[in-house]
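Structure record follows, encoded as structure tokens.
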Amino acid sequence: MHAIILAAGRGSRLLPLTTDLPKCLLPIGNTTVLGMQLDTLFANGIETATVVTGFNSHMVHAEIKARKSGPRVKTLYNPFFQVADNLASCWMARKSMHSDFLLINGDTLFTSELLQTILAAPANDITVTIDQKGHYDGDDMKVTLDREFLTAIGKTLPLTETDGESIGMLRFMKAGPEIFTTELKRLMKTPDGTKSWFLSAIHGLAQAGVQIDTTNIKGADWSELDTPEDYEICRSLFGEAEMARTRFAVI
């Protein structure tokens, strides 16, 4: 199983923390967001990864080069990160999608237990990892389900049709990589392709009748990182260290 991490964004809502530091390099515990993702993947048998970079990519390269252990990592630069959404990052990584892979947002933190649940799920073509809670807001990537199958996904889904949220981790196996890359290529040829989320491809496939399975990790620890409030949650869940306090002492 290969992992693809989409880490091209700056994280403008985290300013001034991300004035020069890419969001994926924010300190968490004794490492960084990206470092924790790679360590967790490696601890669970993922030995290769592709990281799509963008904002201050040289800093991400330096972080990866300095690592002493973990998966073998290839980086790909997305030159359109300032004007395109993450579908374009997927496009840059399409050649890494030739076999089974995990697709992970660069701002999603997760535990080993959560990852083990995903890896142990039935080997279906496309599986979206979801969580469920009592309330959903405009930032949540909401999903509509028919039993365990996903029928729609998007931030603008009505609450009356919301059955959970995507945590930003998908697994592709068997025919899944080919199904996804074919849809990815189709979308990138449309006028709004570069402005689309990669989950637009999943929504389109589901609407066209392609079976999209889900794995529910309700109760497991995970967090996304979009705002300073999210950062405090991430540090609370996954560790707060002196490197973070020192790095941001004057902010």
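The values are calculated or read from the model by the stated rules, or taken from the named source; none is laboratory data. Just so it is clear, the structure is predicted and the values come from calculations on it, not from any experiment. Cβ placement follows ideal geometry from the backbone for every residue including glycine, while neighbour counts extend to all protein chains displayed.
Do you know which of the residues in region 201-222 that are crowded, with 20+ Cβ neighbours inside 10 Å and among the small types (G, A, S) is farthest from T19 (Cα to Cα)? The selected residue is A206. Residues in region 223-251 that are part of a loop (DSSP other than H, G, I, E, B) and surrounded by 14 or more Cβ atoms within 10 Å (Cβ to Cβ) were compared, and the one that is modelled with the lowest pLDDT is F248.
Within region 47-62, restricting attention to residues that are touching a residue at least 12 places away in the same chain (Cβ under 8 Å) and surrounded by fewer than 20 Cβ atoms within 10 Å (Cβ to Cβ), which residue is nearest to H98 (Cα to Cα)? That would be T48.
Let's see how each residue does on (1) assigned to a strand (DSSP E or B); (2) in contact with a Leu (Cβ under 9 Å, 6 or more places away or on another chain); (3) surrounded by fewer than 22 Cβ atoms within 10 Å (Cβ to Cβ); (4) at pLDDT 95 or above:
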site	(1), (2), (3), (4)
Q116	no, no, yes, yes
A123	no, no, yes, yes
V128	yes, yes, no, yes
G134	no, no, yes, no
G138	no, no, yes, no
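If you check I46, I4 for being under 16 Å from the mean Cα position of the chain (by Cα), at pLDDT 95 or above and part of a loop (DSSP other than H, G, I, E, B), only one passes: I46. When T156, T194, T181 are screened for being part of a loop (DSSP other than H, G, I, E, B), hydroxyl-bearing (S, T, Y) and within 21 Å of L87 (Cα to Cα), only T156 passes. Here L170 passes the criteria (1) touching a Phe, Trp or Tyr at 6+ places or on another chain (Cβ under 6 Å); (2) part of a strand (DSSP E or B); (3) not polar (S, T, N, Q) except the one numbered (1).
Residue under question is F101, and the condition is that it be buried (at least 23 other Cβ atoms within 10 Å of the Cβ) and either of a type outside the set (A, V, I, L, M, F, W, C) or more than 18 Å from L225 (Cα to Cα) (or both); does it hold? When the stated conditions are applied, F101 passes them.
Residue by residue, here is whether (1) closer than 16 Å to D230 by Cα; (2) within 15 Å of the chain's Cα centre (by Cα); (3) not in a loop (DSSP other than H, G, I, E, B) holds:
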site: R13; (1), (2), (3): yes, no, yes
site: C24; (1), (2), (3): yes, yes, yes
site: G35; (1), (2), (3): no, yes, yes
site: L41; (1), (2), (3): no, yes, yes
site: V52; (1), (2), (3): no, yes, yes
site: K68; (1), (2), (3): no, no, no
site: V73; (1), (2), (3): no, no, yes
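Within region 148-168, residues that are closer than 17 Å to L114 by Cβ have Cβ atoms under 6 Å from residues that are outside any strand (DSSP E or B) in these pairs: G164/Q132; E165/D140; E165/M141; S166/M141, counting only partners at least 6 apart in sequence or on another chain. Would you say A43 is within 23 Å of T127 (Cβ to Cβ), of a type in the set (G, A, S) and either in contact (Cβ under 8 Å) with a residue 60 or more places away in the chain or surrounded by 20 or more Cβ atoms within 10 Å (Cβ to Cβ) (or both)? In short, yes.
From the list K142, K155, pick out the single residue that is under 16 Å from the mean Cα position of the chain (by Cα), surrounded by 19 or more Cβ atoms within 10 Å (Cβ to Cβ) and either under 22 Å from K189 (Cβ atoms) or not acidic (D, E) (or both).
On the way: K155 fails: surrounded by 19 or more Cβ atoms within 10 Å (Cβ to Cβ).
After applying the criteria, what remains is K142.
In the condition set (1) in contact with a Gly (Cβ under 6 Å, 6 or more places away or on another chain); (2) modelled with pLDDT of 95 or more; (3) not small (G, A, S), L187 is compliant with all but (2). Within region 169-196, the set of residues being more than 24 Å from L114 (Cα to Cα), buried (at least 16 other Cβ atoms within 10 Å of the Cβ) and touching a helix residue (DSSP H, G or I) at 6+ places or on another chain (Cβ under 6 Å) comprises T181, E183, L184, L187, M188, G193, S196.
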